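A.B. asks: Can you read through this structure? Questions will come right after.
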Amino acid sequence: MSTTYPSSAGPGSDEHKTDPTQVRGKRRFILLSGGALLLIAWVGGFVPQFRQRQMATADTKELAIPAVEVVSPTFTAPNSGLDLPAEVDPWQEAPIYARVNGYLKSWLVDIGAHVKKDQLLAEIDTPDLDQQLAQAQSQEVLAQKNLALAKDTNARYQEMFKQGVVSQLDADTQATSQATNQANADAYAANLRYLQQEVAFKRVTAPFAGIITARNVNVGDLITANNTSFAMFHVQQTDPLRVYFRVPQEEAANITAGQTFDVQVGAESAKRYPGKVISTSDAVSPDSRTMLVELQVDNSKNEILPGSYATISLPTTVLGKILILPDNTLIFRGKSLQVAVVSANSVVQLRDVKVGRDFGIQSEVLSGITESDKVIVNPSDSLTTGTTVRVAATTFTASPSPGVPKK
């Protein structure tokens, strides 16, 4: 039995016939829709990944450029003055040598003795010189008698020549004899004076008031005249004292005669003495770039010993401004100190610098940089000239008040 569907058409009806154009349109639509979906999916996945790669590349390049912090040098005056090493010398000193040959007869002073000018220090026994003096005295007496006789004889001959008793030749001969005896008498007198002066050196005396700091002779020692390698005594005048120190070239123009500076002798807790500038060398040494300054210090109480170590304190009123940098900017490579300066286009330049005083965490820079330079803090060992760097946002500034300099 067959079932009949009234609403259905048979296989050959027109309702079951499909238009080929519509089929192709549907397929094209499906393909385009699928392609669009694939394109959207590809763009949605690739673009973020591409941007991420670009950001990663940029970050890598940025990280490859080292970031540095820089400091600006400070041009300022120190607030603690300047301490300089000094040398304490006696006002006068002299080694005392023998001027005559002989043997030491006696010495009257020892080391530490305070002597006055021309005070007797020792006596020398000179038997040879004494004999020479006695001989010279006799020769001088004989020469004076011969001269007296020659004068009398010449006077008589000249009178007889006027009377025509003797010839011109005889008169001239006697005049020449008188002149010869006069010359001999003068020579013997000069020799006598010389020996008398030599005999005076038998007494060794102090050339000036001072303190005997060395005695190198004993009784009976053989004394050789003018032996400059052997001093009998050494004497020093210790009041006042001369104190010498060298001031850096930068401060030399600020030192003038008449200024007074504190002189500290010995340890830091030692007493300070006023020293007056009496002269300067008015020249800078090419070796140390410093100027020599001389002070006069009163030592009437004999509290300061010549040869002592001393320190001169220069106040800030006589010091000029200095350029300072933190010590953590200095690069120790080879024989010279260097700093790394960042240019306007962020390129590093290594510069040799010369430092002066050390203030603990800061140092004085004498040459190599200027106040406008940007110096890298804590530079790495691999930093070289020509390296490109990135300056960090924070910029340090050197402290304008350096502390007490190290000694």
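The values are calculated or read from the model by the stated rules, or taken from the named source; none is laboratory data. Just so it is clear, the structure is predicted and the values come from calculations on it, not from any experiment. Note that each Cβ is placed from the backbone with ideal geometry, even for glycine, and that neighbours are counted across all protein chains shown. Calculation scope for accessible area: heavy atoms of the full protein, side chains included, ligands and nucleic acids excluded. Shrake-Rupley method; radii C 1.70, N 1.55, O 1.52, S 1.80 Å.
A.B. asks: Within the set of other residues whose C-beta is less than 13 Å from the C-beta of Leu241, count the net charge using Lys and Arg as +1 and Asp and Glu as -1.
C.D. replies: -4
A.B. asks: Amide H neighbours of Thr387 under 5 Å, counting only residues 5+ apart in sequence or on other chains, H built in-plane at 1.01 Å?
C.D. replies: Answer set, sorted by chain and number: Val348.
A.B. asks: Further, regarding this structure: Under 5 Å between amide hydrogens, which residues at least 5 positions from Val235 or on another chain qualify, with H placed 1.01 Å from N in the peptide plane?
C.D. replies: Ala94, Ile96, Thr213
A.B. asks: Counting only protein heavy atoms and using a 1.4 Å probe, what share of the accessible area of the stretch 152-291 belongs to carbon plus sulfur, as a whole percent?
C.D. replies: For the stretch 152-291, the apolar C and S fraction of the accessible surface comes to 49 percent.
A.B. asks: Per-residue HN-Hα couplings for the stretch 81-86, Karplus 6.51 cos²θ - 1.76 cosθ + 1.60 at θ = phi - 60°, whole Hz, x for Gly and Pro?
C.D. replies: My calculation for the stretch 81-86 gives x, 9, 9, 10, x, 9 Hz in order.
A.B. asks: Multiply the residue gap between Thr76 and Thr205 by 0.36 nm, knock off their C-alpha separation, and tell me the result in nm, one decimal place. List each step's numbers first, then the result.
C.D. replies: Numbers: separation 129, 0.36 × 129 = 46.44 nm, distance 5.68 nm.
So the chain would gain 40.8 nm between Thr76 and Thr205.
A.B. asks: Normalized C-alpha radius of gyration of the stretch 68-208, against 2.2 N^0.38 Å?
C.D. replies: Normalised Rg, Cα atoms only: 2.29.
A.B. asks: Okay, next question. For a quick protection proxy, order the peptides 221-228, 178-185, 191-198 by their average other-Cβ count within 10 Å, most packed first.
C.D. replies: 178-185, 191-198, 221-228
A.B. asks: Cβ under 13 Å from Lys145's Cβ, Lys145 left aside: what net charge do those residues give with Lys, Arg +1 and Asp, Glu -1? Could the numbers behind the result be given before it?
C.D. replies: Values: positive: Lys151; negative: Glu140, Asp152.
That works out to -1.
A.B. asks: For the pair Thr280 and Glu87, how long in nm is the line joining their label points, each one 7 Å along Cα→Cβ?
C.D. replies: Placing both labels 7 Å beyond Cα along the Cβ direction yields 2.0 nm.
A.B. asks: Which whole-number value in Å² is the accessible area per residue of the stretch 282-374, probe 1.4 Å?
C.D. replies: Accessible surface, normalised per residue, equals 51 Å².
A.B. asks: Going down the table (Lys271/Lys354; Lys116/Lys276; Lys301/Lys321; Lys321/Lys374; Lys276/Lys301), which pairs top 28 Å between alpha carbons? Walk me through the intermediate numbers first.
C.D. replies: Numbers: Lys271/Lys354 34 Å; Lys116/Lys276 26 Å; Lys301/Lys321 38 Å; Lys321/Lys374 19 Å; Lys276/Lys301 17 Å.
Beyond 28 Å: Lys271/Lys354; Lys301/Lys321.
A.B. asks: What residues have an amide H closer than 5 Å to that of Ala209, excluding those fewer than 5 places away on the same chain, when H is modeled at 1.01 Å from N in the peptide plane?
C.D. replies: Placed amide hydrogens put Lys117 under 5 Å from Ala209.
A.B. asks: Here's another thing I want to ask about it. What length, rounded to one decimal in nm, is gained on full extension from Gln296 through to Ile30, with 0.36 nm per residue of separation minus their alpha-carbon distance?
C.D. replies: That works out to 84.6 nm of additional length.
A.B. asks: Using each residue's phi in the stretch 219-231, evaluate 6.51 cos²θ - 1.76 cosθ + 1.60 at θ = phi - 60° and report the 3J(HN,Hα) Karplus result to the nearest Hz, with x for Gly and Pro.
C.D. replies: Result, ordered by residue: 4, x, 5, 6, 10, 10, 5, 6, 8, 6, 8, 9, 9 Hz.
A.B. asks: Which FRET efficiency value, to the nearest 0.05, do you get for Asp186 and Asp239 by plugging their Cβ-Cβ distance into 1/(1 + (r/R0)^6) with R0 = 51 Å?
C.D. replies: 0.65
A.B. asks: Here's a follow-up. What net charge do the residues around Leu292 carry, taking every other residue with its C-beta under 15 Å from that of Leu292, with Lys and Arg at +1 and Asp and Glu at -1?
C.D. replies: Charge balance in the 15 Å sphere: -3.
A.B. asks: Hey, got the dipole for the stretch 171-283? About the Cα centre, +1 on K and R Cβ, -1 on D and E Cβ, debye to the nearest 20?
C.D. replies: 400 debye
A.B. asks: Could you derive backbone 3J(HN,Hα) for the stretch 136-146 from the dihedral phi with the Karplus parameters 6.51, -1.76 and 1.60 (θ = phi - 60°), listing whole Hz in sequence and x where the residue is Gly or Pro?
C.D. replies: 5, 5, 5, 5, 5, 5, 4, 5, 5, 5, 4
A.B. asks: Obtain the nm distance between the two label points defined at Glu159 and Ala270 by a simple spin-label model: each point lies 7 Å from its Cα along the Cα-to-C-beta direction.
C.D. replies: 8.3 nm
A.B. asks: Grab the beta carbon distance between Asp130 and Thr173, set R0 = 41 Å, and tell me the FRET efficiency rounded to 0.05.
C.D. replies: Numbers: r = 39 Å, r/R0 = 0.96.
After rounding to 0.05, the efficiency reads 0.55.
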